[in-house]
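Heads up: the structure comes next, in structure tokens.
The values are calculated or read from the model by the stated rules, or taken from the named source; none is laboratory data. What you see is a predicted model; the values in this text were computed from it and never measured. When we count neighbours, we look across all protein chains shown, and the Cβ atoms used for this are built from the backbone with ideal geometry, even at glycine.
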Amino acid sequence: MPFLVLALPRSRTFWLSKFLAYREWTCGHDEVLRMRSLDDVRIWLNLPCKGSSETAAAPFWRLVQEYRPDTRLVVVRRPVEDVVHSLLTTTGISFQEQVLWQSMRRLDAKLDQVEARWPGVLSVQFSDLADEATCAAVFEHCLPFKHDPTWWSAWAPINVQVNFPAMTCYGLAHADQLNRLARTVKQHTLARLGSRPVAIDGMTFQQEAFDTFLQDGQRLFAEHLVQVGEAPNAAMTKNLPLMRALDAIGALQVTTARSNGRMFGYLMTVVGPSLESPERVEAMNATFYASKDAPGLGLKLQRASINALRQRGVDIAYLRVGTRGDGPRLGTLYRRLGADPAGEMYSMNLKECA
């Protein structure tokens with residue numbers, strides 16, 4: 001099982017990453033800086049003989065608890081005022097002091113949460129890391145070994161410091177990706193905290209105007225986008241003018257599933273004349289999502305959309321199997337609906353493929 005040390009910056013986290021790298025076990029430092037997606041976090045937590053000492057990962061503790069509840073956790077506490085003073089005077093970085101105070105207080109509050117809510121967490125004081133007994137407790141909590149006094153004696157007198165300017169430059173260079181991951185984790189966590197099963201029997205299915213769908217579906221869009229690896233606010237970057245134009249001429253069908261007014265699923269379908277025959281009308285499924293809070297909703301939502309397409313005179317519906325999220329599993333659902341395979345769909349990026 002993995003281990004994590006969570007602390008504020010300037011709390012001997014880099015030293016601990018060296019001290020806890022023992023035998024076949026490795027210990028990283030601020031590994032979160034190299035994470036770009038939820039899959040990166042999940043994969044890292046499942047690597048063998050792995051730990052990390054982190055100064056910015058405390059806000060992700062619920063995600064760690066979801067993916068690896070057996071993670072061994074250590075929290076190192078240092079007074080916020082000491083941390084801020086050290087950052088201002090020893091790192092060579094010019095901080096905005098007010099912003100620094102705010103961010104350190106928020107991180108410290110997350111450490112309070114971890115201490116209160118993570119079973120079996122070990123909490124130690126920064127000042128006590130100078131004592132062998134405290135380091136022995138951290139060593140044995142994180143690693144499957146008894147404390148090694150010789151190992152501690154070798155590391156105790158060594159003062160190792162992370163290259164703070166280089167680490168800061170790396171973080172700034174990848175700020176967009178890191179902020180996107182932070183928003184994704186927040187949305188994922190909020191969705192899990194607010195989830196509760198909903199009975200399918202209480203669900204209503206209807207076709208809605210695009211703008212009504214867009215206004216009411218924001219929470220569900222964010223949930224969907226996170227699951228397919230996009231930023232939770234990416235819905236507003238889609239080609240909304242085209243969707244409105246298609247809706248205005250009757251070429252867009254948006255089927256939704258709601259319970260007590262709240263949207264739990266949607267299926268967007270583009271409808272138009274066929275190239276095969278002027279007498280044929282065809283439809284192609286586009287974006288499709290059914291909340292996991294309503295098990296079994298996806299099949300009923302597809303049927304509601306198909307029934308509506310029949311009523312408007314559509315002859316053939318093409319039901320796409322995607323490659324992201326649960327997309328590859330949709331073939332099974334479509335076969336249950338009575339659909340037959342119709343070849344395969346490929347995409348080619350013409351700007352990259354010469």
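If you scan the stretch 247-260, which residues turn out to be surrounded by fewer than 20 Cβ atoms within 10 Å (Cβ to Cβ) and over 27 Å from the mean Cα position of the chain (by Cα)?
D247, A248, I249, G250, A251, N260
Hey, among D131, D112, which residue is surrounded by fewer than 16 Cβ atoms within 10 Å (Cβ to Cβ), more than 32 Å from the chain's Cα centre (by Cα) and either among the polar types (S, T, N, Q) or in the same structural domain as P9 (by TED's automatic domain parsing) (or both)?
D131
Kindly list, by first and then second residue, each pair from a residue in the stretch 251-271 that is closer than 11 Å to F210 by Cα to a residue that is surrounded by fewer than 23 Cβ atoms within 10 Å (Cβ to Cβ) and among the hydroxyl-bearing types (S, T, Y), limited to pairs with Cβ atoms under 7 Å and residues at least 6 apart or on different chains.
From the stretch 251-271, the pairs are M268/T287.
Taking S103, is it crowded, with 19+ Cβ neighbours inside 10 Å and among the polar types (S, T, N, Q)?
The answer is no for S103.
Scan (1) in contact (Cβ under 8 Å) with a residue 40 or more places away in the chain; (2) of a type in the set (S, T, Y); (3) out of contact with any strand residue (DSSP E or B) (no Cβ under 6 Å at 6 or more places or on another chain); (4) outside any helix (DSSP H, G or I) for the single condition S123 breaks and write down its number.
Single failed check for S123: (3).
Please verify whether the stretch 169-184 includes one or more residues that are surrounded by 15 or more Cβ atoms within 10 Å (Cβ to Cβ), under 30 Å from A137 (Cβ atoms) and not assigned by TED's automatic domain parsing to the domain that holds S305.
no
Counting only residues that are assigned to a helix (DSSP H, G or I) and at pLDDT below 95, which one in the stretch 144-165 is surrounded by the most Cβ atoms within 10 Å (Cβ to Cβ)?
F164
So for the stretch 302-316 (the condition being within 27 Å of the chain's Cα centre (by Cα), surrounded by 10 or more Cβ atoms within 10 Å (Cβ to Cβ) and hydroxyl-bearing (S, T, Y)), does at least one residue qualify?
no
List the number of the failed condition for T256; all other conditions in (1) within 21 Å of P341 (Cα to Cα); (2) in contact with a helix residue (DSSP H, G or I) (Cβ under 7 Å, 6 or more places away or on another chain); (3) polar (S, T, N, Q) hold.
Here T256 meets the rest and fails (1).
Is it the case, given these coordinates, that R324 is outside any loop (DSSP other than H, G, I, E, B) and at negative phi?
Criteria not met by R324.
For the stretch 217-237, state whether one or more residues are among the hydrophobic types (A, V, I, L, M, F, W, C), touching a strand residue (DSSP E or B) at 6+ places or on another chain (Cβ under 7 Å), more than 30 Å from S37 (Cα to Cα) and not assigned by TED's automatic domain parsing to the domain that holds A182.
Scanning the stretch 217-237, I find no residue that is among the hydrophobic types (A, V, I, L, M, F, W, C), touching a strand residue (DSSP E or B) at 6+ places or on another chain (Cβ under 7 Å), more than 30 Å from S37 (Cα to Cα) and not assigned by TED's automatic domain parsing to the domain that holds A182, so the answer is no.
Of all residues in the stretch 226-240, which are touching a residue at least 24 places away in the same chain (Cβ under 8 Å), surrounded by 14 or more Cβ atoms within 10 Å (Cβ to Cβ) and farther than 18 Å from T323 by Cα?
P232, N233
Among the residues of the stretch 78-99, write down those that are hydroxyl-bearing (S, T, Y), outside any helix (DSSP H, G or I) and touching a residue at least 12 places away in the same chain (Cβ under 8 Å).
T91
Within the stretch 259-306, can you find the residues that are assigned to a loop (DSSP other than H, G, I, E, B) and under 24 Å from T332 (Cα atoms)?
Of everything in the stretch 259-306, those that are assigned to a loop (DSSP other than H, G, I, E, B) and under 24 Å from T332 (Cα atoms) turn out to be S291, K292, D293, A294, P295, G296.
List the number of the failed condition for L333; all other conditions in (1) part of a strand (DSSP E or B); (2) closer than 26 Å to G202 by Cα; (3) not polar (S, T, N, Q) hold.
(1)
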